[in-house]
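Engineer: Please read through the structure below; I'll follow up with questions.
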Amino acid sequence: MKALIFAAGLGTRLYPITQDIPKALAKIGDRPLLEIVIHRLIQFGVSDIIINVHHFADKIIEFVNSYNSFGINIQFSNESDQILDTGGGLLKASWFFDSDQPFLVHNVDVLSDIDLYDFYRFHLQSGALASLAVRKRITTRYLLLDKDHVLCGWKNEKTGETKIIHPKDELSNYAFSGIHIIDPRIFSQMVETDRFSIIDLYLRLARTNVISGYDHSTTMWFDLGKPENLKEAEKMISKIDL
């Protein structure tokens with residue numbers, strides 16, 4: 001299996017940790033986030049990874065090279081000239097996904113013990129163009145799923161903005177976990193260019209394709225974008241087989 005790790009973000013929520021290093025190299029205990037994600041993906045059979053880089057890109061590349069690419073094929077999608085957001089980052093890395101097999105996308109700043117094997121089986125059985133790991137948690141932006149866990153809309157609780165793709169009587173709020181499985185057919189349906197959000201892409205494609213939500217609310221999950229969350233995750237990381 002192939003995977004993309006989103007690691008290009010500026011890490012502004014982690015400042016001042018990210019004053020001199022990229023957020024990908026912020027640590028839980030003595031282990032950089034990027035190392036933890038790479039090891040977890042390898043455990044689930046990933047043998048080829050592409051990492052998008054922007055902020056302190058050279059330090060990420062040096063780190064991976066210092067570990068001899070962790071014994072697998074690791075490439076880089078360099079966004080040093082312009083950070084492309086998640087959708088643009090996926091599009092720029094599209095050359096890497098040159099087969100018809102679904103691939104995994106994982107944010108570098110999330111930690112979870114989600115069963116990626118089960119997630120992959122779910123995706124194959126759903127026939128979806130993309131499957132998004134979601135969970136019940138409080139946030140400001142929600143994906144709206146129907147009873148079959150199909151993406152039907154999105155809303156921002158803070159601004160009140162709502163986008164409904166498929167009006168349904170009952171839609172449930174789920175928070176996106178920053179982990180996806182995507183069919184490479186998605187690239188032939190992209191009309192967006194340069195910098196754009198992958199969530200906006202999913203909402204557009206959901207009009208004519210199935211975009212599924214995989215509920216992993218019973219698993220552990222951490223947003224590692226804040227210093228206090230790094231400290232909390234350090235208490236829990238021993239419970240994950242890494």
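The values are calculated or read from the model by the stated rules, or taken from the named source; none is laboratory data. Not measured: the values here are computed from a predicted model. Note that we place each Cβ from the backbone using ideal geometry, even for glycine, and neighbour counts take in every protein chain shown. Areas reflect the complete protein model, heavy atoms only, side chains present, ligands, DNA and RNA absent. Shrake-Rupley method; radii C 1.70, N 1.55, O 1.52, S 1.80 Å.
Engineer: Run the simple label-point estimate for LYS158 and ASN173 please: 7 Å along Cα→C-beta, distance reported in nm.
Structural biologist: 1.5
Engineer: Each label point is 7 Å from the Cα along the Cα-to-Cβ direction; what then is the distance between the points at LYS226 and GLN82, in nm?
Structural biologist: Rounded to a tenth, the inter-label distance reads 3.3 nm.
Engineer: Can I ask one more? Counting only protein chains, not ligands or nucleic acids, how are GLU62, GLU170, GLU192 ordered by accessible area (probe 1.4 Å), most first? Each step should come with its number before you reach the end.
Structural biologist: Working: GLU62 115, GLU170 150, GLU192 45 Å².
Of GLU62, GLU170, GLU192, the descending order of accessible area is GLU170, GLU62, GLU192.
Engineer: Using a probe radius of 1.4 Å on heavy atoms only, what accessible surface per residue do you get for the chain? Whole Å² is fine.
Structural biologist: The answer is 47 Å² per residue.
Engineer: Can you give the net charge of the other residues whose Cβ lies under 13 Å from the Cβ of LEU124, counting K and R as +1 and D and E as -1?
Structural biologist: -2
Engineer: Still on this structure, I have one more. Anything over 26 Å Cα to Cα? Flag those among LYS2/LYS168; LYS23/LYS235; LYS2/LYS92, in the order listed.
Structural biologist: From LYS2/LYS168; LYS23/LYS235; LYS2/LYS92, over 26 Å: LYS2/LYS168.
Engineer: Once every DSSP H run of n ≥ 4 in the chain is given -39500 (n - 2.57) and the sum is divided by its residues, what mean residue ellipticity at 222 nm do you get, rounded to the nearest 500 deg cm²/dmol?
Structural biologist: Result for the chain, helices only: -7000 deg cm²/dmol.
Engineer: Next question, about the same structure. Quick check: at a probe of 1.4 Å, how many percent of the accessible area of region 31-96 sits on carbon and sulfur atoms?
Structural biologist: 48
Engineer: Counting pairwise Cα distances across region 92-242, what percent come out greater than 26 angstrom?
Structural biologist: Of all Cα-Cα distances in region 92-242, 28 percent exceed 26 Å.
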